[in-house]
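Chemist: Just dropping this structure here.
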Amino acid sequence: MVYIVSLLELKGKRKHLIMSTSILLYILVITGDIFVAVTGEGISADPATHSSGVINVFLTGYILFLIIIVILTLRFGRNLYKRVMFGFYGTIAISFMVLVSQGRHNQNSFTVASFLPPTVAILYLLHSNPIDARLGAADLDSLKDTIRFYSRIKKKFLFVSLHIKDLDPENAKLPEDIRTMIRETAGMIFKIGSLYQIMAGHFIFIARKDRNLDYMEKCREMLGTVREKLDQHSYNYRIVVGESIDEISKKNEYTAFIRDIERQMSTTGVHMVEESDVRRFRENEYILEQLKDICRKKDPDDPRVLVYCQPVFSIRTGKYDTAETLMRLELPDLGIVPPGKFIEAAEENGYIHELTWIILKKTCDEIKKFLDEGYDFKRLSVNLSMLDLRDENLSEKVIKIIHTAGIPEEKVAFEITETQTELDFIMAKNTIYEMKEHGIKFYLDDFGTGYSNMERILELPFDIIKFDRSLVIASDGNERSGKMVGSLAGLFSQLDYAVLYEGIEDQKDEERCKEMSASYLQGYKYSKPIPIGELRNFFVQGKGA
């Protein structure tokens, strides 16, 4: 009783009523049993019925406890996965039949054995079995076993992936109404299906296709229910729906395949799998293999990692005296690969650090060449991932690379995006202060694309605020938007920050941004990203040239 009440997560008056009743019944049964055994009351002189009094006391308590358990599970059992409930009901019925059979044959040797089925059921259904008793979801290993089984018997299946990004953190708790919605939706809409929980907020449902020929209609019904409930919580979620793909099934790669699709999706939405998704997945898997090989070799001059740059125009000097470095890959089977195709995957798989060191080293080597050739420029900026900033030895490694290249520290700058957590903020703050002592400047990148915390921005010692292209577009939308963007830029300028506008595409953008406190301008009006060596076409030689 204690175990079931705990499993059902009953609290308050319900829990106290059930447990008080159970404890009282338990005390009465034990007291009655002891009374009969000590006093002999209720024991017949007839040897054939010598223990009938004891059995009656026991059976009375046993039956009453069964009644309480059945009422409890019928009343609150909807909170558990229905197959778990069937396991409880079935084993209780078996136990009761064992006792009835024992009584009819005037035996008592099976009394203890009658407790075995419920005990085995609890141990298997709730512990050895990977199924979550309340959700009805199995784990990732079970998902792979199911896919392997379907692949072996050559049966097509359907899959629906629901990933609630807001529930990914370890301390996130699945709300009860969301748990109920997932359990009931998975169990009611498709036939012969199973639910799997890959991580805290990621669920995959699989069902036989031949048993669900009208699955598109069922999918629409299910998606309507799911989206309505998730929207009530304002969750960020991604739903992927598709049929089994032989190529993916053979290698059991559905979780990686779904993650790859999610990277291409908007923050919230539904995606129906297409053939192009498989082609892109194969391409991305190849890129991932190359990244893994780059990190394994740890070659700071790896030819597959290229440094591209986009020149930045200075309003004050009227020259191109800074530039942003941008990463590219050049791979044998694909040629030039833009960062949008590999940066996120590199961060997810822990490859970003090695790429950062390669880009920084190559950038410093090129800066050395520019200086030796007499080019006049202020600095080149390198993008840092938030994962890089978590490295406690980042500052030491950066300074070592700069010194090895033999260039002044102030010729290197770093661009970082806004921090997302308090820990990231603290580590970023400490790292920035350490490196600024060496004359290294810092840019706040992509200002305007996230939820900017002005207090944190002002606490971090940035030198340049980069206004995202979206703000450039917004400033041309209407007078109110223009005033807002201009006021923000003016505020930063008054606080001694330089303001850099990204995404300048024409003369109109340029003139508008100049009027909005611009210090620097960057965009396709001046140049697309180019190999770093081509900066010689933008920088000038000789001081003051």
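Nothing in this text is a laboratory measurement; each read-out follows from the coordinates by a stated rule. Predicted model, so just to flag it, every value in this text is computed and none were measured. Because the Cβ atoms are built from the backbone with ideal geometry, glycine has one as well, and the counts that use them run over all protein chains shown.
Chemist: If you find the alpha carbon centre of the stretch 520-536 and of the stretch 319-375, how far apart are they in angstrom?
Modeler: Cα centres, the stretch 520-536 to the stretch 319-375: 14 Å.
Chemist: What FRET efficiency comes out for the pair Ser487/Lys429, r = Cβ-Cβ distance, R0 = 30 Å, nearest 0.05?
Modeler: Details: r = 26 Å, r/R0 = 0.88.
Once the sixth-power term is evaluated, E becomes 0.70.
Chemist: Give me Leu306, Leu444 ranked fewest to most by other Cβ atoms within 10 Å of their Cβ, as a rough exposure proxy.
Modeler: Least crowded to most crowded, the residues run Leu306, Leu444.
Chemist: Let a ≥ b ≥ c be the square roots of the eigenvalues of the Cα gyration tensor of the stretch 391-537; is it rounded (a/c under 1.5), or, if not, prolate (a/b larger than b/c) or oblate?
Modeler: Oblate, because a/c is 1.5 or more while a/b does not exceed b/c.
Chemist: Quick check on the exposure proxy: order Ile532, Ile30, Ile315 from fewest to most C-beta atoms within 10 angstrom.
Modeler: By the 10 Å Cβ count, ascending, the order reads Ile30, Ile315, Ile532.
Chemist: What size of dipole, in debye to the nearest 20, comes out for the chain about its Cα centre when the only charges are +1 on Lys and Arg C-beta atoms and -1 on Asp and Glu C-beta atoms?
Modeler: 1860 debye
Chemist: Does the stretch 265-336 classify as rounded, prolate or oblate by the C-alpha gyration tensor (a ≥ b ≥ c root eigenvalues; a/c under 1.5 gives rounded; else a/b over b/c gives prolate, otherwise oblate)?
Modeler: Note, shape of the stretch 265-336 comes out oblate.
Chemist: How many angstrom separate the Cα center of the stretch 380-394 from the Cα center of the stretch 174-193?
Modeler: 42 Å
Chemist: Which entries in the list Lys298/Lys466; Lys191/Lys250; Lys362/Lys436; Lys209/Lys250 go over 28 Å, if you measure between the two C-alpha atoms of each?
Modeler: Long pairs (Cα-Cα over 28 Å): Lys298/Lys466.
Chemist: Something else now. Just one of (1) 31.2; (2) 24.3; (3) 35.8 is mean projected area of the Cα convex hull in nm² calculated from these coordinates, so which is it?
Modeler: Here the calculated entry is (3).
Chemist: Lysines within cross-link reach of Lys292: Cα-Cα under 17 Å, excluding same-chain residues under 8 positions apart?
Modeler: Lys341
Chemist: Hey, for a label at Met199 modelled as a point 7 Å past Cα toward Cβ, could you say which residues of the stretch 256-298 have their backbone N under 15 Å away?
Modeler: Counting backbone N atoms under 15 Å from the label point, the list is 256-264.
Chemist: If amide H atoms are built 1.01 Å from N in the plane of the peptide, which residues on other chains or at least 5 residues away come under 5 Å of the amide H of Ala413?
Modeler: Result for Ala413 returns Leu380, Ser381, Val382.
Chemist: Kindly identify the stretch 137-273 as rounded, prolate or oblate by the Cα gyration tensor criterion: order the square roots of the eigenvalues as a ≥ b ≥ c, call it rounded if a/c is under 1.5, otherwise compare a/b with b/c, prolate if a/b is larger, else oblate.
Modeler: prolate
Chemist: So what is the calculated 222 nm ellipticity per residue for the chain, using -39500 (n - 2.57) for each DSSP H run with n of 4 or more, over all residues, to the nearest 500 deg cm²/dmol? Could you put the intermediate results ahead of the total?
Modeler: Numbers: 20 runs with 270 residues, N = 545.
About -16000 deg cm²/dmol.
Chemist: Just to check I understand the Karplus step: with θ = phi - 60° and J = 6.51 cos²θ - 1.76 cosθ + 1.60, what whole-Hz values come out for the stretch 150-156, glycine and proline as x?
Modeler: Each residue of the stretch 150-156 in turn: 4, 5, 5, 8, 6, 10, 6 Hz.
Chemist: Ok, one more. With angles folded into 0 to 90 degrees, how steeply does helix 254-264 sit against the dominant principal axis of the chain? Use alpha carbons for both and round to 10.
Modeler: 40 degrees
Chemist: Between the stretch 468-502 and the stretch 248-275, how far is it from one alpha carbon centroid to the other, in angstrom?
Modeler: Using only Cα atoms, the two centres lie 37 Å from each other.
Chemist: Out of residues 5 or more away from Cys309 or on other chains, whose amide H comes under 5 Å of its own, with H placed 1.01 Å from N in the peptide plane?
Modeler: The answer is Leu326, Ile530, Ile532.
Chemist: Would you kindly derive the ³J(HN,Hα) couplings of the stretch 501-514 from the backbone phi angles with the Karplus curve 6.51 cos²θ - 1.76 cosθ + 1.60 (θ = phi - 60°), listing them in order in whole Hz, with x for Gly and Pro?
Modeler: Taking θ as phi minus 60°, the curve returns 9, 9, x, 6, 10, 8, 4, 4, 4, 4, 5, 5, 6, 4 Hz for the stretch 501-514.
Chemist: What list of ³J(HN,Hα) values in whole Hz, one per residue of the stretch 194-206 in order, does the Karplus curve 6.51 cos²θ - 1.76 cosθ + 1.60 (θ = phi - 60°) give from phi, with Gly and Pro shown as x?
Modeler: 9, 10, 9, 10, 7, 8, 3, x, 10, 10, 10, 10, 10
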